[in-house]
Amino acid sequence: METRIYLLRHGETFANAEGRFAGRTQELLTPAGEKQARQAGEFLREDPPSKIFISPLHRTRHTAELLLKALLKEAEIIEAPGFLEINIPPWEGRYKRELRSDPALKYEIWSKAPHRFYLPGCETLAEVYGRAVRAMEDLFYQEAGEVLAVVTHMVVVRVLLIHYLDLPLSTYREVPVPNALPLLFRRQGLEVQVEIPFGDSEAASQMRRFLNRLSK
């Protein structure tokens, strides 16, 4: 019995376009981000999900709603807190150049060695990894045999790719994560394969090249 989960980052937000750290703020999608979400829905017409799980933030819900309209098929949208973005309150909504200018905020460590990042009262990368993998494994177990979609955030997509591709957390910065490109996680038995089934954009080609390098 095969279970298929399409994992995707939300569409582009104004924070993405402006170089701000969005975190758990209620960011809006840009017009380009809305277009990306609709295109993801068009892709998924080939293999429509029965349920769409989202991080409980505006940008993931909006992405899922636009995707669903383009999908031309009904599917339930379900909030799943395990797929929330990393929680770093002192950074939220601030420009990255501003974060880099204050050593106390540890943004340089995050930029160069994110697996070593620690700031009191904030999540570490390992903590995000743990909860995201648990959330994904819960779906594989509870929704066995189904086709699902998960709309989440860049950090979450990266740590899930790291886990299922058997990479160390130290490779975090090497993992590309384009906005709103469905990545297929296909499980049969204990094996999980990751594929890029849709798209001929440069972002999709970059993801395929990344996976091809790992398979050599």
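Details
- Going through (1) surrounded by 14 or more Cβ atoms within 10 Å (Cβ to Cβ); (2) among the aliphatic types (A, V, I, L, M); (3) not in a helix (DSSP H, G or I) one by one, Val128 falls short only on (3).
- When residues of segment 163-216 are limited to those that are out of contact with any helix residue (DSSP H, G or I) (no Cβ under 8 Å at 6 or more places or on another chain) and basic (Lys, Arg), the one nearest to Ala37 (Cα to Cα): Arg208
Yes/no per residue for (1) of a type outside the set (Gly, Ala, Ser); (2) within 12 Å of the chain's Cα centre (by Cα):
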residue: Ala104; (1), (2): no, no
residue: Leu119; (1), (2): yes, no
residue: Val147; (1), (2): yes, no
residue: Val156; (1), (2): yes, yes
residue: Ser170; (1), (2): no, no
residue: Leu190; (1), (2): yes, no
residue: Pro197; (1), (2): yes, no
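- Every test in (1) closer than 21 Å to Gly23 by Cα; (2) in a helix (DSSP H, G or I); (3) of a type outside the set (A, V, I, L, M) is passed by Asn87 save one, and that test is (2).
- Test: residue in segment 60-70 that is part of a loop (DSSP other than H, G, I, E, B) and of a type outside the set (Gly, Ala, Ser): no
- Residue tally, condition surrounded by 12 or more Cβ atoms within 10 Å (Cβ to Cβ), at negative phi, in contact (Cβ under 8 Å) with a residue 24 or more places away in the chain and touching a strand residue (DSSP E or B) at 6+ places or on another chain (Cβ under 9 Å), over segment 178-210: 15
- Any chance Ala75 is aliphatic (A, V, I, L, M), over 29 Å from Pro168 (Cβ atoms), in contact (Cβ under 8 Å) with a residue 12 or more places away in the chain and surrounded by fewer than 21 Cβ atoms within 10 Å (Cβ to Cβ): yes
- Test: residue in segment 22-35 that is crowded, with 21+ Cβ neighbours inside 10 Å, closer than 24 Å to Met207 by Cα and among the β-branched types (Val, Ile, Thr): no
The numbers here are math on the coordinates, done by the rules we state, and not lab data. No experiment lies behind these values; they were computed from the predicted model shown. Methodologically, a virtual Cβ is constructed for each residue, glycine included, from the backbone with ideal geometry; neighbour enumeration extends over all protein chains shown.
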